[in-house]
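J.: Have a look at this one.
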Amino acid sequence: LFRTNRYERVERVMKVIIASDSHMRNEVLDYIEAKHPDAQYYLHCGDLEDDPQLFPNWLFVKGNNDYFGQFPKHRILDIEGHRFFIIHGDRLPYMVMKARLVELGKEHGADIVCFGHTHRSYIEKKHGILLINPGSLCFPRDGKPPCYVIMNITKEDISCEIVYEPEW
C-alpha cells in the first residue's frame, strides 16, 4: 500500500494487526487474517491458549495461560523506522503498569509498546512511547465488545483504530 503526501512523494504504508487474549477463540484469528489480507504483520500479545504453529502468519508472545507450544516472553520488531516492544504484561504490577511499560519501551529503544493481559483496549502516548493494548478477542473486561487494533504506519505517521466485534 502506498500513499502520496502533499509533496507528491510516495511513501509506503504498512498495515499491522494487533490482537490479544483470544483464549482459545482462535478461529477469530483466521477471520481477521482473511479480512485483512493486505496486512504485513499480525501481532498477538499473549493468551492464545493453543499451539502458535497453527497460525503461521501471526507473531505471538507468551501469556500467563499459554502452555501449548513455544512462545517468547517478549518480542522486538523494527517496522518502518519504528521499534515495537511486545509483551503480555501479566508480570507487571497493575497499579504502575503503564509507567513500567514506558520504562520497558525505553530500555529496549522502542517507541511503540504493545501489551495485553488486562482485557481492556487502550491506546495512549506517554512520555514519547505509544502504548497499545488491543483489548481482548474474548472476555473483554471494560464493558465493550471484543476487539483488536488496526495500525497503519509510515516513517512519519502512525494511526491506530480499535475495531469492535459488531464491526467485524
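The values are calculated or read from the model by the stated rules, or taken from the named source; none is laboratory data. Just so you know, these numbers come straight off a predicted model, no measurement behind them. In this analysis, Cβ positions are derived from the backbone assuming ideal geometry, glycine residues included, and neighbour counts consider all displayed protein chains. In case anyone asks, the SASA skips ligands and DNA or RNA and just uses the protein heavy atoms, side chains included. Shrake-Rupley method; radii C 1.70, N 1.55, O 1.52, S 1.80 Å.
J.: Please list the non-local residues whose amide H lies under 5 Å from the amide H of residue 131, H modeled 1.01 Å from N, same-chain partners needing a gap of 5 or more.
T.: 113, 124, 125, 126
J.: Assuming 0.36 nm per residue, please report the length gained on full extension of the stretch residue 25 to residue 103 beyond their Cα-Cα distance. Could you put the intermediate results ahead of the total?
T.: On the way: separation 78, 0.36 × 78 = 28.08 nm, distance 3.17 nm.
Fully extending the segment from residue 25 to residue 103 adds 24.9 nm.
J.: For the chain, what does -39500 (n - 2.57) per DSSP helix run (n ≥ 4), summed and divided by total residues, give at 222 nm, in deg cm²/dmol to the nearest 500? Could the numbers behind the result be given before it?
T.: On the way: 2 runs with 20 residues, N = 168.
The per-residue figure over the chain is -3500 deg cm²/dmol.
J.: Next question, about the same structure. Over the chain, with the other protein chains present, what is the accessible area per residue in square angstrom, probe 1.4 angstrom?
T.: It amounts to 51 Å² per residue over the chain.
J.: Looking only at GluC sites (Glu not before Pro) in DSSP loops with at most 11 other Cβ atoms within 10 Å, what is the longest site-free stretch of the chain?
T.: 9-155
J.: Roughly how many nanometres apart are two label points built 7 Å out from the Cα toward the Cβ at residue 168 and residue 94?
T.: 2.5 nm
J.: What residue among 17, 145, 102 has its Cα farthest toward the positive end of the dipole of the chain, where the charges are +1 on Lys, Arg and -1 on Asp, Glu, each on the Cβ?
T.: Of the listed residues, the answer is 102.
J.: So which trypsin sites (Lys or Arg not before Pro) in the range 14-118 pass both tests, a DSSP loop state and at most 15 other Cβ atoms within 10 Å of the Cβ?
T.: When the trypsin sites (Lys or Arg not before Pro) of the range 14-118 are filtered for loop state and at most 15 Cβ neighbours within 10 Å, 73, 91 remain.
J.: Of all accessible surface on the chain at a 1.4 Å probe, what whole percent is carbon and sulfur?
T.: The nonpolar share, carbon plus sulfur, comes to 51 percent.
J.: Here's another thing I want to ask about it. With +1 assigned to the C-beta of every Lys and Arg and -1 to the C-beta of every Asp and Glu, and no other charges, what is the dipole magnitude of the chain about the Cα centre in debye, to the nearest 20?
T.: Using Cβ point charges on Lys, Arg, Asp and Glu, the chain gives about 580 debye.
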